[in-house]
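Read through the structure below, which is laid out as structure tokens, and then see the notes.
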Amino acid sequence: MIGEVATKSSRHRAEGTARVRDEKPWWDTFPWWGVFIAGVLAWMAFQIRTQDDYALAWERIIPGLSLTLVATIEAFAIALLLGLTAGMGQLSRNIVVRNVARTYVEFIRGIPMLPLIFTVALILVPETSDYVNQRLDAWFGVTYKLSFQMRATVTLALIYGAYMAEIFRGGIQSIPPGQSEAGRSLGLTRRQTMRSVVLPQAMRAIIPPLGNDFIAILKDTSLLSVLGVLEITQRGRQFSASTFKFREGYFVVSFIYLCLTLGLSLLLGVLERRMTRDRKGER
Amino acid sequence: MATHPESGTTSMISLRGVSKTFDKTIHAVVDVDLEIAEGEVVVIVGPSGSGKSTVLRCINLLEVPTEGYVTVDGFELLDPKTDIDHVRAEVGMVFQQFNLFPHLTVIENITLAQRKVRGRSRSEAVEVAMGQLTRVGIPEKADAYPRQLSGGQQQRVAIARSLAMDPKVMLFDEPTSALDPEMVKEVLDVMLELAAGGMTMVVVTHEMGFAKAAADRLVFIDEGVIVEIGLPEEVFSNPKHDRTRAFFDKILY
Ligand SMILES: Nc1ncnc2c1ncn2[C@@H]1O[C@H](COP(=O)(O)OP(=O)(O)OP(=O)(O)O)[C@@H](O)[C@H]1O
Ligand SMILES: [Mg+2]
């Protein structure tokens, strides 16, 4: 039954495109920018393959890729939890929870990323871990140390958690109140209604902007370089500084980021199109 | 309670001195007393904004009264010790806008609360759901999504969804008002059958045919106050109050 609907709607879409072509020439709607960017990327790849300096830069920088990706995924995962908690917290009946969540969101969103990273990594984490370590040492005889990479990742997560809180809150609020009223009048608890009725519907409004945030986090992991974390940007900086080949270094850095972000937005586009197609006219 | 048909028996629903004020100034419901016996069908009518929905929603606490007491099946709803989710499972509610869950199929709509609230197994819940779908006449739509159904079919699914919980009371808030005229009957037929089966029902509707056929009592509300209450025929053929007469003059030709 679902398959049937899907094919039907894709046929409609095909007709729709045909109509547009009748009205406008094909070169008017063709994504030329995509061709242009693909061309630039191909040219960049060619440079890296054929020129020794670029190849050297590539060799030195690409090992940072795994750190960049790990930091992105970690920060995204933590931000997701923070965002969901703070987003729902803002809608809580409990006045304390509501205000704590709101304070977190407003506070974090009001500070630029760079000073926040320094504050958390160089002041907040050392001071709290000094205290916590004292206690841990006294009680259990153990201590811990948070690496700079982890500190910066947590900061990124704190920041994006605040942005995501707004995404979650908006998504939840976009669901008509009749939905939770129907759930509650069937005897479902608030929690069950949220989980089984509201959130699944809200996800449709939530997933696309979350995808954009994933890409934004990926780019912002470059800020980890200010703490000396050896991700892509930091490796690019080191390579350029030690060899004075700035052009090659930053060329390769940009190339890697472009490949990642463009690839991800293509993927996101496909996902979004599939979601709107499957769910068309659902409400 | 002058016209209580079975005075002496305990009420299934009891509203005593119920008032609801919104934003400190909007008096949606004012000092309403209403006793409804088990198996009774009560139809509520009144002008737009007169407080019909609010009265209904006080019965399952979708609105919390600002004053008064509400008892359903012996549970004092405003007592903090009462588990409201437990009571709500016994009180089905059907909305003007259907409010089916659009991300779930018909069968999933009907089994969700059975499983989560009643703790039934999947197969048991599906069996109950299919039984209710057959009762409302659309078992073949089990795997459809709500958007694939007509308004009348959606409303019947909504009724089946409530009935699957084996409620003791059913509340209807203008269940046919959002329907195209040709679909009104299919929904009313289901409701008539339900009434004939002895379900306790409170129905906000302007379908006077339904009131005549099924209602034990008709309640006329205006400006949040119960103006008149009695046998349906009596209330609309022989209203005692000018306000009631003016209202029926407008809706009956
Ligand atoms: N959540 C709310 N906040 C503020 N005012 C409300 C709210 N709900 C209802 N009201 C007001 O309370 C009064 C009664 O509303 P209610 O919905 O109960 O009327 P009704 O008789 O059901 O009307 P209708 O026939 O239009 O459905 C109206 O004046 C309405 O504007
Ligand atoms: Mg109403």
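The values are calculated or read from the model by the stated rules, or taken from the named source; none is laboratory data. What you see is a predicted model, and the numbers here were worked out from it, not measured in a lab. Here the Cβ is made from the backbone with ideal geometry for all residues, glycine too, and neighbour counts use every protein chain on show. When the accessible area is computed, the model is the full protein with side chains, heavy atoms only, and any ligands, DNA or RNA have been set aside. Shrake-Rupley method; radii C 1.70, N 1.55, O 1.52, S 1.80 Å.
The figures follow:
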item: Among residues of the stretch B:121-157, those that are among the aliphatic types (A, V, I, L, M) and assigned to a helix (DSSP H, G or I), counted; result: 7
item: Restricting the stretch B:19-28 to residues that are near ligand 1 (Cβ under 7 Å from one of its atoms) and in a strand (DSSP E or B), the residue that is nearest to B:Pro175 (Cα to Cα); result: B:Ala28
item: Single match in B:Thr200, B:Thr205 (criterion: modelled with pLDDT of 90 or more, polar (S, T, N, Q) and closer than 23 Å to B:Gln97 by Cβ); result: B:Thr205
item: Residue check, B:Met12 away from ligand 2 (no atom under 16 Å from the Cβ), surrounded by 18 or more Cβ atoms within 10 Å (Cβ to Cβ) and either outside any loop (DSSP other than H, G, I, E, B) or touching a residue at least 24 places away in the same chain (Cβ under 8 Å) (or both); result: yes
item: Boolean, B:Val72 is among the aliphatic types (A, V, I, L, M), more than 15 Å from the chain's Cα centre (by Cα), more than 12 Å from B:Val202 (Cα to Cα) and modelled with pLDDT of 95 or more; result: no
item: Residue tally, condition under 16 Å from the mean Cα position of the chain (by Cα), under 17 Å from B:Leu15 (Cα atoms) and either within 14 Å of chain A (Cβ to nearest Cβ) or within 16 Å of ligand 2 (Cβ to nearest atom) (or both), over the stretch B:178-233; result: 6
item: Test: residue in the stretch B:229-237 that is farther than 18 Å from B:Gly51 by Cα, hydrophobic (A, V, I, L, M, F, W, C) and open to solvent by 20 Å² or more (accessible area, probe 1.4 Å); result: yes
item: Unique match (being surrounded by fewer than 15 Cβ atoms within 10 Å (Cβ to Cβ), modelled with pLDDT of 85 or more and not aromatic (Phe, Trp, Tyr)) among A:Glu15, A:Glu23, A:Glu4, A:Glu59; result: A:Glu59
item: Selected residue (criterion: most open to solvent (accessible area, probe 1.4 Å)) from residues of the stretch B:117-152 that are over 23 Å from the mean Cα position of the chain (by Cα), charged (D, E, K, R) and within 10 Å of chain A (Cβ to nearest Cβ); result: B:Asp143
item: B:Gly39 farther than 24 Å from B:Asp166 by Cβ, away from ligand 2 (no atom under 16 Å from the Cβ) and either open to solvent by 10 Å² or more (accessible area, probe 1.4 Å) or of a type in the set (A, V, I, L, M, F, W, C) (or both); result: no
item: For B:Phe247: the one exception among (1) within 16 Å of ligand 1 (Cβ to nearest atom); (2) within 14 Å of chain A (Cβ to nearest Cβ); (3) in a helix (DSSP H, G or I); result: (2)
item: Filter result (among the small types (Gly, Ala, Ser) and under 19 Å from A:Gln149 (Cβ atoms)) within the stretch A:44-94; result: A:Gly64, A:Ser66, A:Ala71, A:Ala75, A:Ala77, A:Ala79
item: Subset of the stretch B:42-76 (residues that are more than 16 Å from ligand 2 (Cβ to nearest atom), of a type in the set (D, E, K, R) and open to solvent by less than 60 Å² (accessible area, probe 1.4 Å)); result: B:Asp73, B:Glu76
item: Failed item in (1) within 12 Å of the chain's Cα centre (by Cα); (2) away from chain A (no Cβ under 12 Å); (3) of a type in the set (D, E, K, R), with B:Asp173 passing the rest; result: (2)
item: Unmet requirement for A:Tyr104, which otherwise passes all of (1) surrounded by fewer than 16 Cβ atoms within 10 Å (Cβ to Cβ); (2) in a helix (DSSP H, G or I); result: (1)
